[in-house]
Amino acid sequence: MRMRPEYREVSFGEWLEDELNARNITQSELARRAGYTLRAVNRICREHSSPTLITAEDLLQAIGYRFEIVKDDRQRPER
């Protein structure tokens, strides 16, 4: 039997904060790299603001991710 990995849903801000910590990058450094204010990055990390797709792309690219939207035809499990 194949085991399914365990997943938990997290917000973009929570995930981003975890990534920054794992990479030892400050919010200030991310803001500088991505061309945003520290306040804007802080609001996203603290979940006071949701980024637009463009902002999410900029932030992800600033920490070395490639951003793309892919259609997924799999059905999501019921909640």
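The values are calculated or read from the model by the stated rules, or taken from the named source; none is laboratory data. Quantities reported herein were computed from a predicted structural model and do not represent experimental measurements. No Cβ is skipped: glycine too gets one built from the backbone with ideal geometry, and neighbour counts run over all protein chains shown.
Could you list all residues from the range 9-50 that are part of a loop (DSSP other than H, G, I, E, B), at pLDDT 95 or above and more than 20 Å from Phe67 (Cα to Cα)? Steps first, answer last, please.
To start, the set of residues in the range 9-50 that are part of a loop (DSSP other than H, G, I, E, B) comprises 9-11, 24-26, 35-37, 46-50.
Keeping just the survivors that are at pLDDT 95 or above gives 24-26, 35-37.
Once the filter is applied, which keeps residues that are part of a loop (DSSP other than H, G, I, E, B), at pLDDT 95 or above and more than 20 Å from Phe67 (Cα to Cα), the range 9-50 yields Asn24, Thr26, Thr37.
Quick check on my filter: what residues within the range 49-78 are exposed (fewer than 12 other Cβ atoms within 10 Å of the Cβ) and over 24 Å from Arg8 (Cβ atoms)? Give the derivation first.
Quick first cut of the range 49-78, residues exposed (fewer than 12 other Cβ atoms within 10 Å of the Cβ) only: 52-54, 64, 66, 68-78.
Thr52, Ile54, listed by residue number.
For the range 27-48, what are the residues that are farther than 15 Å from Gln61 by Cα and either touching a Cys at 6+ places or on another chain (Cβ under 7 Å) or exposed (fewer than 15 other Cβ atoms within 10 Å of the Cβ) (or both)? Break it down stepwise before answering.
Quick first cut of the range 27-48, residues farther than 15 Å from Gln61 by Cα only: 28, 37-40, 42-48.
Selection gives Ser28, Thr37, Leu38, Arg39, Arg46, Glu47, His48.
Which of the residues spanning the range 32-79 are among the basic types (Lys, Arg) and touching a residue at least 12 places away in the same chain (Cβ under 8 Å)? Even if it seems obvious, please write down each step before you answer.
Residues of the range 32-79 that are among the basic types (Lys, Arg), as a first pass: 32-33, 39, 43, 46, 66, 71, 74, 76, 79.
Arg33, Arg46, listed by residue number.
Name the pairs: first residue in the range 5-18 and of a type in the set (A, V, I, L, M, F, W, C), second residue modelled with pLDDT of 90 or more and surrounded by fewer than 13 Cβ atoms within 10 Å (Cβ to Cβ), Cβ to Cβ under 8 Å, at least 6 apart or on different chains?
That search, which allows pairs on different chains as well, returns Val10/Asp18; Phe12/Ser50.
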